[in-house]
1. Note the full-extension length gain between E128 and F73 as 0.36 nm times their separation in residues minus their Cα-Cα distance, in nm to one decimal.
2. Could you pull out the pairs from K213/K372; K152/K370; K177/K372; K213/K371; K176/K263 whose alpha carbons sit more than 32 Å apart here?
3. According to a simple spin-label model (label point 7 Å from Cα along Cα-to-Cβ), what is the distance in nm between S316 and R170?
4. DSSP beta bridges in the range 67-390, what fraction antiparallel, as a percent rounded to 5?
5. Using the eigenvalues of the Cα gyration tensor, what equivalent ellipsoid semi-axes result for the range 264-393 when each is taken as the square root of five times the eigenvalue, whole Å, largest first?
6. Please give me the summed charge of the neighbours of E209: other residues whose Cβ is under 15 Å from its Cβ, Lys and Arg +1, Asp and Glu -1.
7. Just the number: Rg to Rh for the range 67-390, Cα atoms, Kirkwood Rh, two decimals.
8. If r is the Cβ-Cβ distance from L190 to R230 and R0 is 22 Å, what FRET efficiency results, to the nearest 0.05?
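Rule-based calculations on the coordinates, nothing more; no lab input. Just so it is clear, the model here is predicted, and its values are computed rather than measured. FYI the Cβ positions are ideal-geometry reconstructions off the backbone, even for glycines, and counts take in every protein chain you see.
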Amino acid sequence: MAFYSGHCGRLFSTKTLLPLRTVRVSSRDQACKHCSGASRGEYRAEQELTTAGGQRRVLKDVLPFSEFLTDSFGRRHNYLRISLTEKCNLRCQYCMPEEGVKLSPKEQLLSTDEVLTLARLFVREGVEKIRLTGGEPLIRPDILHIIAEMRKTEGLKTIAVTTNGMNLARLLPSLKKAGVNLLNVSLDSLVPAKFEFIVRRKGFHKVMEGIDKAIEFGYNPVKVNCVVMRGLNEDELLDFVTLTEKKPLDVRFIEYMPFDGNKWNFRKMVSYAEMLDRIKQQWPSLEPLPGDETGTAKAFRVPGFQGQLGFITSMSDHFCGSCNRLRITADGNLKVCLFGNSEVSLRDCLRSGASDEELLQIIGAAVGRKKKQHAGMFSISQMKNRPMILIGG
Ligand SMILES: C[S@@+](CC[C@H](N)C(=O)[O-])C[C@H]1O[C@@H](n2cnc3c(N)ncnc32)[C@H](O)[C@@H]1O
Ligand code: SF4
């Protein structure tokens, strides 16, 4: 059950007296007695104020953010990654175990409606960015419908897609039309034969075509994700940086992370410090760029280059303190940490007829249990987790 506050017009839970929905309020005078009681988190809202000079300004975060999406360390989770499928048309060595993975039966995967219901619920609570991932999201037959419907959700600012690029060139016009704002394309080698060795399939030229077409369609930057592995592609670092000279790309070098079945070992991981050192030997003038508060990448640019580069340093220098991400797996489990194995099934809650409020209580409890930081790469490599392909990066 819920009620509307006459003070601020927000919807409150009668059980918890916590706000359930963000609405716009028009002035500070309308601050509400119910809001001031929010305990664990604060609630997100925007206030429009008219200044003495008559200008209208929008102040963000002047009111509390969703209780349910705020953890016990004060981290606000406004970014949700949804895995749309466990299947993939590639078999990347660092992601897909050699022996393959046991796929969930179709009826155990989230349906189109369930994906949209959960997306809307999270957005209503304050999520502003949703990334669709997988498996390979672009092989899901209803991908365009999901994006177009999601786009209608008020409050959702960004729809991002992470793709291996195999179907990108073909789908780009429809993806753009449906409302995708941000594209990350994975590419681990610029040498076709090596690409095929890493991903265990052919397709290098298709991926390059997808990247070029994304640029043509105005995505700027197009993010390129490159997992760097010693003995495989670390000799291509400089070639990837060179790619940013003439193209508006943001090449992101990702430290190799341990997941079930990917045969991670420390010696294969190339650290941020080592990568940076190698790149600086070639371009000593490499300049750091200001990062956004919750961004994962440490960003740099070679002066005069059109694009930029970044490092995702989850292993050697984690960014757990500013983590704002939650994940939903294709089979409907909420994962509050990429490297944690605690999960809760939102699919089962939905299918048992739980109300939004009951779902929020379950989400809030899981978020509340989120640990301060991951356990460190050596412990993670010993822990049971899913293979990356079944999580969604
Ligand atoms: C799991 S994939 C799913 C989306 C899509 N199929 C793709 O490859 O872009 C998401 C991202 O996770 C990254 N990834 C997978 N396994 C990884 C690992 N062991 N360490 C670091 N990044 C990894 C991939 O490179 C990719 O950029
Ligand atoms: S990284 Fe992406 S493309 Fe490669 S196997 Fe995993 S899901 Fe497929």
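1. Residue separation times 0.36 nm, minus the Cα-Cα distance, leaves 17.8 nm.
2. K213/K372; K177/K372; K213/K371; K176/K263
3. Distance between the two pseudo-spin positions: 3.9 nm.
4. Percentage antiparallel, nearest 5: 30.
5. 36, 18, 12
6. Working: positive: R170, K202, K206, K213, K247; negative: D212, E216.
Local charge sum for E209: +3.
7. 0.94
8. Computed FRET efficiency for L190 and R230 comes out at 0.80.
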